Amino acid sequence: MRMFNRHRGKAALAAVAASALALSACSGDGDDQEAATNEDGKKVLTLRIFQDFGYEALVAEYNDMQDDVEVVMEGQGTNFDAEHRPAVETALEAGTSPGDVIGMDEQAMAQMMVRSDWWADLAEHGYDSRASEYPDWKWELGHTVDGGLAGFGTDVGGMGLCYRADLFEEAGLPTDRAELAAAWSDWDGFTDLAQQFVDSDVDADFVDSPTQLQNMILGQTAGQGDGQMYVDADGNLTLESAAVQNAVETILELNEIGAIGQWAAWSEEWTAAHAEGGFAVASCPSWMVGLVEDWAGEDNAGNWDFAAAPGVSGNWGGSWLLVPANTPYPEEAAELAAWLTAPEQQVKAFEAVGAFPSTLEGAAEASSLTNPYFNDAPVGEIIAGSVAEFPALEYAELHHPVKQAVEGVLNGLLDGTYSSDEVWDAIQTEAENAAALGGM
Amino acid sequence: MTTTAKPRSRMSLRDRIHVFDAKGSPYLLVAPFFLLFAVFGLFPMIFTLYASMQDWSVRRPERSFIGLDNYSFLLFEYDRFGWSIFNTLGMFVIATIPQLIVALMVANALNKRLRGQLMWRMLVLAPIVTSVMAVGIVFARIWGQEYGMVNGFLGLFGVDNINWHSGRLSSWVAIASMVDWRWMGYNALIYLAAMQVIPRNLYEAAALDGASASQQFWKITIPQLKPVIIFTVFISSVGGMMLFVEPMMFGSGQLSGGTAGQFQTTSMVLVDMLRTHGNYGLSSAAGWILFVVIGLVAGLNFLIINRLQGDK
């Protein structure tokens, strides 16, 4: 009897093990994606983006033009780092499809382009010919380490500052954008204005957050100099680079006079403060323009204005549309990505959300456009001016995680976790950790 | 030998089915759970163990075996990991102990004759059916520095705005408030159900002997609830050690848990390694260490509760 039961036990265990194996074996076969079609027999393409690319109207327009393709846009409004990028990475690593066309932030491009096996080579579909439409650096960044053309650039992060004209007036500062641009033509001038604003006792911070400032100065200094930021391509930390020194020291100086607010970028309070008047100045790369308008809302129309940034030229962010290798419709996906990034559509996206065109023709066209929400500021002209000499930034593979770790320390400076003296040590420790976790 | 074997082989099909029904069907009935567990529990655990010994990053296609390196990095080199266990335990303690005590008191109150008894019981349970994301978003606003309700209220008494995120203890209190709001009712309901099966005559006899309400509570209710209290402590331990969404939402969806990891739980470190750094190996190792820690904490709590009440 006991024998009998023990046998059963073993047999059951074997059956369980076998079925577990069978199931895991099945899941390993997922490389060939099933081609999706809708009830009309149209090929369904998934366009997976984050935040807001300004594509709603464009996708509808594209669907009207197509007989056999239907584009479905997903992911609008998702956070890039918290949701979008991890989801894309996990899907591609697991061999499933994250979508047929994928939006990607420029700062994560280096780590994506290391994985040549993830991306289709659009040169095979004849899209090499688009090279002349883009500035060289923007075109080059879209290639994997093995030289495949993974996708096309959408916009560039031309730089400006968004400022609250009403708060400036209250503080007795100039409110005219040309006058301001002249006053803060460099960061010393910016610091002077910050001091005046702090002295005026207006109940608001001068500038929103240390991390937004850091991004701006980092891109400017690196672009105008040796291009070096936190970490090099081999994973070695380069915290002594001009860009990092400049960014952190400027923040320390501004913090010393109490000009920076404790608004952690992308927190609920930070977005709310755009409407509440929590701060007077925010770093505004072109893609922030649309977000500021969304967050500040109709009630604040006319309060926000837009001026050229200190140091003027610079580049922060911008995005890409990539085509993964495992899409069942590489041809159609490439066509969609190419259409959305053509100059004409880039200008429409600029009008919708302020993302400044990365194609030469699109940039020329967009530079004449003004933005009614920002007191009809010539946003196009200011941004075009900031990227006129397009400093080509090289983002290292570990740039993004290391920068995020440093941003934690900078926020910690503001909330009192670190004193000014401790900041550099903390940056060193956190950056080393991030590099170690990145496995380099 | 042969004589005993013969009748067996002559068993009719009916008999065989009957024997199988008696002996085999219980296994068939429990099989679905174990099959599902094998696929969604056992296999992932074993695969995670395998992954934890690999140098495996999404940043490069190849991976390699590195033994226990990931474990030693977490335990001896990466400070945030040790702190995260401390944070998790700290939040567990300041969230769970008040939660269970309040739940017990609420259950005791609900067990009395009340007007609108059903309504009260429903209301206590309501927080559980709300989305934890929604709870996180609402509470992040309540505890906000500039526009938060708590600081707004304290401001009425002239208290300056407090940055709840920056301190270890202050952030724990804020997060514990979320956990407690959501789970207190669940535990209260379990206690209430257990209280209702305690025989009435125990209380009647005690009342006749002149025992006060609080004596009845401590001498009858609590000892009778012992198995249920052990159950809730066990469940809270496991849940508390896996705390994730509440602290993440409190930190605006960031996985770093404050500017220096003040409220970064072990689950957040685990997910941070996976999502921010794409390091599957380290993340898996963190998962296994967390698994062991949960086992230890749950076991320890069981021993403590068992000892505390064993005397009564």
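The numbers here are math on the coordinates, done by the rules we state, and not lab data. Worth saying up front: this structure is predicted, and the values here are computed from it rather than measured. Because the Cβ atoms are built from the backbone with ideal geometry, glycine has one as well, and the counts that use them run over all protein chains shown.
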Practice task
Among A:ASP415, A:ASP176, B:ASP272, rank each residue by its count of other Cβ atoms within 10 Å, from fewest to most, as a rough exposure measure.
Solution key: A:ASP176, A:ASP415, B:ASP272
Problem - Label-reachable residues, the range A:218-238, where backbone N falls under 15 Å from a point 7 Å from A:GLU140's Cα toward its Cβ - result: A:223-228, A:233
Practice task
Which order do the peptides A:366-372, A:74-80 take when ranked by the mean count of other beta-carbon atoms within 10 Å per residue, highest first?
Solution key: A:366-372, A:74-80
Problem - Relative contact order, percent, the range B:78-310 [alpha-carbon distance under 8 Å, six or more residues apart] - result: 28 percent
Handout entry: Burial ranking of peptide ranges B:172-178, A:185-191 (average Cβ count within 10 Å, highest at the top)
Key = B:172-178, A:185-191
Practice task
Please state the charge dipole magnitude for the range A:152-241, taken about the Cα centre, from unit charges on C-beta atoms (+1 on K and R, -1 on D and E), reported in debye and rounded to the nearest 20.
Solution key: 300 debye
Problem - Set of aspartates and glutamates near B:LYS219 by C-alpha distance (under 20 Å), chain-local residues within fewer than 8 positions excluded - result: B:GLU204, B:ASP209, B:ASP311
Exercise for the section: Can you put B:PHE231, A:PHE50 in order of Cβ neighbours within 10 angstrom, beginning with the fewest? Expected result: B:PHE231, A:PHE50
Fill in the blank from the handout: For chain A the mean separation of alpha carbon contacts under 8 Å (6+ apart) over residue count, i.e. relative contact order in percent, is 22 percent
Problem - Cross-link table A:LYS138/A:LYS348; A:LYS42/A:LYS138; A:LYS138/A:LYS403, entries beyond 24 Å C-alpha to C-alpha - result: A:LYS42/A:LYS138
Practice task
Let me know the mean shielding of B:259-268 by other chains, meaning the per-residue number of their Cβ atoms within 10 Å of its Cβ.
Solution key: 3
Problem - Cβ-Cβ FRET estimate between A:GLN245 and A:SER132, R0 fixed at 41 Å, reported to 0.05 - result: 0.65
Handout entry: Packing-based ranking, highest mean first, of B:82-90, A:207-215 given that Cβ atoms within 10 Å are counted
Key = A:207-215, B:82-90
Fill in the blank from the handout: Averaged over the residues of A:410-418, the number of partner chain Cβ atoms within 10 Å of each residue's own Cβ comes to 5
Practice task
Compute the relative contact order of the range B:145-263 as a whole-number percentage, counting only Cα pairs closer than 8 Å that sit 6 or more residues apart in sequence.
Solution key: 31 percent
Exercise for the section: Mind checking A:262-268 for the average number of partner chain beta-carbons within 10 Å of each residue's beta-carbon? Expected result: 5
Exercise for the section: Would you please classify the overall shape of the protein assembly as shown from the alpha carbon gyration tensor, given that a ≥ b ≥ c denote the square roots of the eigenvalues, rounded means a/c under 1.5, and beyond that prolate means a/b larger than b/c while oblate covers the rest? Expected result: oblate
Problem - Residues B:HIS277, B:HIS18, A:HIS143, A:HIS84 arranged by fewest to most Cβ contacts within 10 Å - result: B:HIS18, A:HIS143, A:HIS84, B:HIS277
Fill in the blank from the handout: Per DSSP, the loop-located trypsin sites (Lys or Arg not before Pro) within the range A:110-168 having at most 13 other beta carbons within 10 Å are none
Practice task
Kindly identify chain B as rounded, prolate or oblate by the Cα gyration tensor criterion: order the square roots of the eigenvalues as a ≥ b ≥ c, call it rounded if a/c is under 1.5, otherwise compare a/b with b/c, prolate if a/b is larger, else oblate.
Solution key: oblate
Problem - GluC sites (Glu not before Pro) restricted to the range A:175-269 and DSSP loop, no more than 10 other C-beta within 10 Å - result: A:GLU240
